[in-house]
1. May I ask you to list the residues in the stretch 184-202 that are among the hydroxyl-bearing types (Ser, Thr, Tyr) and buried (at least 19 other Cβ atoms within 10 Å of the Cβ)?
2. Just checking, which of Phe212, Phe144, Phe181 is assigned to a helix (DSSP H, G or I) and surrounded by fewer than 19 Cβ atoms within 10 Å (Cβ to Cβ)?
3. Restricted to the stretch 207-229, and to residues that are over 16 Å from Phe45 (Cα atoms) and among the polar types (S, T, N, Q), which residue is modelled with the lowest pLDDT?
4. Looking at Phe61, Phe69, can you tell me which residue is closer than 27 Å to Ile253 by Cβ, surrounded by 16 or more Cβ atoms within 10 Å (Cβ to Cβ) and either free of Cβ contacts under 8 Å to residues at least 24 places away in the same chain or of a type outside the set (Lys, Arg) (or both)?
5. Looking at the structure I just gave you, is Glu78 at pLDDT 95 or above, part of a helix (DSSP H, G or I) and in contact with a Leu (Cβ under 8 Å, 6 or more places away or on another chain)?
6. Restricted to the stretch 228-248, and to residues that are among the hydrophobic types (A, V, I, L, M, F, W, C) and not in a strand (DSSP E or B), which residue is nearest to Cys132 (Cα to Cα)?
7. Within the stretch 191-245, how many residues turn out to be in contact with a helix residue (DSSP H, G or I) (Cβ under 8 Å, 6 or more places away or on another chain), within 14 Å of Gly37 (Cα to Cα) and not small (Gly, Ala, Ser)?
Amino acid sequence: MKQRWITAIALLAILIPSLYAGGIFFKVIATIFVIGGCYEILRLFADKWPKWTIVSIYLIFIASLAVAFNFKYFILFECVVILFLFFILVIYQEVSFEYIGLIFMILNIVTLTVASFDRMYSIDRLLLFYTCVANYVTDTFALFIGKAFGKHKLNPRISPNKTIEGTLGGYVFGAVISFLFGYFFVKGATLPLLIAGSILMPAVGQVGDLAFSAIKRHFNIKDFGNIFPGHGGILDRVDSLTFNSLVMFSLMIILL
């Protein structure tokens, strides 16, 4: 637990000022996130793939950064990616539909997450912090309330340590604290967006956490990586945040 707290404090000390500054700092963080996510997914199953396909997938993930910052090319990008993934599925026996499906899903998640953050910057950079507050306050209180009061398992098949009590406690604190943060600090958001975001994100984030846990259980691994001592890999730290970024992307389109 001590190592977990040290890592968390170090990450916050780096990420908070970098994300607030935006610009090149955000683009560097986004690049690390996308390339790191690609590596963590590919290392699960791609050791026997032809090397040119691995290189191509890395290039596709890197290209997704440009698409995320120029979203009008998203549909064109999707068409090219679909054609490429099905091409390697057809010509290589070791490339299964399960694997290209996972690559396609993670690629879309990371692309839309970066695009969502980029849109938040264009409206009010504190929207990004509002999303993070809803996400990580929920995670933190779910952990501590679950440890203190948890008796009923939420989904032991996927995540044996999560409890119903922790989930509900995390939801309540995440919803209340994120709304208060948004109401008092995020001037670029409308009240309907803040209400909808604070209701939805504490729930959807926990679904995202379980979804990524399901992937790990399928591949029989504890963490996607070990770059962050006590926390695992990049995808382990942003699993629920990516789902909440999709929520915010949708709400910004609908309500702003």
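The values are calculated or read from the model by the stated rules, or taken from the named source; none is laboratory data. Note that this is a predicted model, so its numbers are computed, not measured. Don't worry about glycine lacking a Cβ; one is built from the backbone with ideal geometry, like all the others, and counts go over all protein chains shown.
1. The answer is Ser198, and nothing else.
2. Values: Phe212 fails: surrounded by fewer than 19 Cβ atoms within 10 Å (Cβ to Cβ); Phe181 fails: surrounded by fewer than 19 Cβ atoms within 10 Å (Cβ to Cβ).
Answer to the check: Phe144.
3. Asn226
4. Numbers: Phe69 fails: surrounded by 16 or more Cβ atoms within 10 Å (Cβ to Cβ).
It is Phe61.
5. Numbers: at pLDDT 95 or above: yes; part of a helix (DSSP H, G or I): yes; in contact with a Leu (Cβ under 8 Å, 6 or more places away or on another chain): no.
In short, no.
6. Kept after step one, since they are among the hydrophobic types (A, V, I, L, M, F, W, C), are these residues of the stretch 228-248: 228, 234-235, 238, 241, 243, 246-248.
Those still in the list that are not in a strand (DSSP E or B) too: 234-235, 238, 241, 243, 246-248.
Working: Ile234: 15, Leu235: 15, Val238: 10, Leu241: 7, Phe243: 11, Leu246: 13, Val247: 12, Met248: 11 Å.
So the residue we want is Leu241.
7. The total comes to 14.
Table: residues versus (1) small (Gly, Ala, Ser); (2) at pLDDT 95 or above.
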{"residue": "Ile123", "(1), (2)": "no, yes"}
{"residue": "Ile158", "(1), (2)": "no, no"}
{"residue": "Glu165", "(1), (2)": "no, yes"}
{"residue": "Tyr171", "(1), (2)": "no, yes"}
{"residue": "Gly174", "(1), (2)": "yes, yes"}
